[in-house]
1. Name the single residue that is surrounded by the fewest Cβ atoms within 10 Å (Cβ to Cβ) among those in the range 124-134 being away from the ligand (no atom under 16 Å from the Cβ) and under 16 Å from the mean Cα position of the chain (by Cα).
2. How many residues are more than 20 Å from Ser106 (Cβ to Cβ) and surrounded by 15 or more Cβ atoms within 10 Å (Cβ to Cβ) when one looks only at the range 145-155?
3. On the given criteria, is Arg169 surrounded by 19 or more Cβ atoms within 10 Å (Cβ to Cβ), modelled with pLDDT of 60 or more and within 19 Å of Asn157 (Cα to Cα)?
4. For the range 1-46, how many residues are in a loop (DSSP other than H, G, I, E, B), among the charged types (D, E, K, R) and crowded, with 16+ Cβ neighbours inside 10 Å?
5. When Asp78 is evaluated against the numbered criteria (1) farther than 20 Å from Tyr142 by Cβ; (2) charged (D, E, K, R); (3) within 11 Å of the ligand (Cβ to nearest atom), which criterion, by number, is the only one it fails?
6. Testing Arg167 on (1) in a loop (DSSP other than H, G, I, E, B); (2) at positive phi, one condition comes back false. Which one is that?
7. Cβ-Cβ below 6 Å, separation at least six or inter-chain, first residue in the range 128-143 and in contact (Cβ under 8 Å) with a residue 24 or more places away in the chain, second small (Gly, Ala, Ser) and more than 16 Å from the ligand (Cβ to nearest atom): which pairs?
8. Which of the residues spanning the range 135-161 are within 16 Å of the ligand (Cβ to nearest atom) and in contact with a Gly (Cβ under 7 Å, 6 or more places away or on another chain)?
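The values are calculated or read from the model by the stated rules, or taken from the named source; none is laboratory data. Owing to the predicted nature of the structure, the values given are computational and were not obtained by experimental measurement. Glycine gets a Cβ as well: all are built from the backbone with ideal geometry, and neighbour counts include every protein chain shown.
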Amino acid sequence: MSGRPKWRNRIQLLGNYLWRVPVLPGMPIALIIEATNRCNLNCIMCPREKMNAHPRDMSLELFKRIVDDAKGYVQYIDFSFRGEPLLNKNIFQMIAYVKKSGINTSLQTNGLLLSRENGRSLLDAGLDLLTVSLDASSAEIYDKVRPGSDFRRVIGNVQQLIRLNDRNRMTIIAQMVHMAENHSDLQAFKNHWKSQKHILVRIKPFSSPQGWSILIFLRAGTGDLFDAPGFGEAWLFVRTAR
Ligand code: SF4
C-alpha cells in the first residue's frame, strides 16, 4: 500500500463512497493522533476527565512508526483530540517529521503555552493550520468557561503569533464553541476577530460527539461570511490536506 499514489487512493475512496461500498479497500487520507491526553486546564464543556484514560504522552518513537506506516496515503495529520498538544515536549519534532514525510498537519491549542518561543517553533516545524480555542471575547465570560486560565495572556499570545506569522505561512483560526454560558459574548467575539487581519474565525456550536455541528467561518479583516453552514470545514480540510 505504501507505494499507492495519493491521488489513486482518493479516487478509489470517492468511488467507494459513490457506489456505497460498505467495506472500504481504500486507505484513510487523514489521521487524528493524540500527542497527549494531559491538559493544563479543566474547561466546563470538556469530556476529557470522564474518559477514564491514564494521563500520558505519545512517545516520539511510536509516533514516527505511525507516520512511516501512513506516509504512502495519508495527506493530513491532526494532533487534536483530548489534551493540550503543546504539553508534549516532542510536539515540534513530531510536526517537523510529519512535514518531512510530505504530509500536512494541524493542531488545536488553548493558547496558554503559545509563547513567542513556542510560536516560532510551530512556524519553523511547518505547521499548516492552528486553531486557538478562545470561546469568549471578555475575561468575565472566558473565566467561567475556562477557569484557571489567563485571558489576557492567551489573547496576547495570539496577537504575537499573528505578527510572527509573516507571509501567512500558517493558517490561524480563533475559535468559539458556542454554548449557553458564552452566548451573550457571541456577537462581540465575531466583531472583535473579524476586524483582525490574518486570522479566520470559527463558530462551532456545542454538540455531543454524535451530534451534528454547523461551522461558520468569517473572512479575516472583512467581516464577510465566506461559507456557512458546513462547507467551510470541508474547504479548510481540502486546503490543508492538499
Ligand atoms: S483546553 Fe481543551 S482539552 Fe483542555 S480542558 Fe479545555 S477543552 Fe479540554
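1. The qualifying residue surrounded by the fewest Cβ atoms within 10 Å (Cβ to Cβ) is Gly126.
2. Residues meeting the conditions: 6.
3. Here the answer is no, as Arg169 does not meet what is asked.
4. 2
5. Unmet condition: (3).
6. In the conditions (1) in a loop (DSSP other than H, G, I, E, B); (2) at positive phi, Arg167 misses (1) alone.
7. What qualifies is Ser137/Ala188.
8. Val154, Asn157, Val158
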